[in-house]
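The values are calculated or read from the model by the stated rules, or taken from the named source; none is laboratory data. This one's a predicted model, so the numbers in the text were calculated from it and none came from an experiment. With ideal geometry, Cβ positions are generated from the backbone for all residues, glycine too; neighbour counts draw on all protein chains shown. Accessible surface is based on the protein model in full, side chains and every heavy atom, while ligands, DNA and RNA are left aside. Shrake-Rupley method; radii C 1.70, N 1.55, O 1.52, S 1.80 Å.
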Amino acid sequence: MKEFKFNIDGKEIKATVEPQEDGTLAVTLNDTTYTVEVPELMKQAPRPVVNHAAAPAPVATKPIAAAPVASNVVAAPLPGTITKVLVKEGDKVKKGDTLLTMEAMKMENSITAEADGIVRKVHVGVGASVNQGDALVDFEGLAVPQTAPAAPAPKPTAAPAEAPKTAPTAAPAAPAAGAHTVDAPLPGTIKQVLVSVGQEIAAGETVVVMEAMKMENNITAEFGGKVTAVKVAVGDQVQSGQALVETA
């Protein structure tokens, strides 16, 4: 890493330039970091392959002690634009704390810490456009200990009775003429429902909060009007394109 100091119109500027593995340069001007693409360097650098960690399978494992302090990288789960940066180098964060917010797929997404730790580097600033897998924040923290294996369930002494068959669920009715629906932009789980039937809402108002790709996403109404139907509840699993709220 190279450090520079210079004056512009009498104002002292501190700058650092740090080459990255992907051929870009991390240029920090007075605590604000920018990613600079240099075509000649990027051609020489090998393209990194970003492997997103899959959710742990529910299998029993032996308990292990917490690992020593280790480096962690918070990466962008999908392409978007950084709208807020809520931490700086040296900040202590706890698991679940929001580190920054980014706008993607017409939603404001909160990027949170997956463990306690200390912020070591912030790679982006407000307004930065990021791609899926781009490093956003580096921090150090303790690895989470794995839980002890659960005791095996006792074997049933008799075959369980067959559950009664239920009638197939009827297909949801199409919205009335002139009505609008707020649809899920991607699969996820409903965390909050912020409106009720009969409520007047404005365009851009948040109607539902859903969790998807380890982020809480504010789902907003594209049109104002009166809520005529709320089609989901907290805890529901929804699919991309599924109607959440209907307005007229």
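Structure notes:
- FRET efficiency for Asp116 and Ala248, using Cβ-Cβ distance with R0 set to 51 Å, rounded to 0.05: 0.60
- Extension reserve of the Glu211-Lys226 stretch, reckoned as 0.36 nm per residue once the Cα distance is removed: 2.9 nm
- Taking a straight Cα-Cα cut-off under 16 Å and skipping sequence neighbours fewer than 8 places away in the same chain, the aspartates and glutamates within cross-link reach of Lys94 are Glu114, Asp116, Asp138, Glu140.
- Placing a pseudo-label 7 Å from each Cα along the Cα-to-Cβ vector at Glu103 and Lys84 gives an inter-label distance of 1.4 nm.
- Set of aspartates and glutamates with alpha-carbon distance to Lys231 below 18 Å, sequence-local pairs under 8 removed: Asp183, Glu200, Glu205, Glu211, Glu222, Glu246
- Solvent-accessible surface (1.4 Å probe) assigned to Ile82 amounts to roughly 0 Å².
- Accessible surface, 1.4 Å probe, highest first, among residues Lys94, Lys106, Lys231: Lys106, Lys94, Lys231
- Of Lys14/Lys88; Lys88/Lys214; Lys2/Lys92; Lys14/Lys106, pairs whose Cα-Cα distance is over 24 Å: Lys2/Lys92; Lys14/Lys106
- Region 85-94 - phi-based ³J(HN,Hα) in whole Hz, Karplus 6.51/-1.76/1.60, Gly and Pro as x: 10, 9, 10, 9, 4, x, 5, 8, 10, 10
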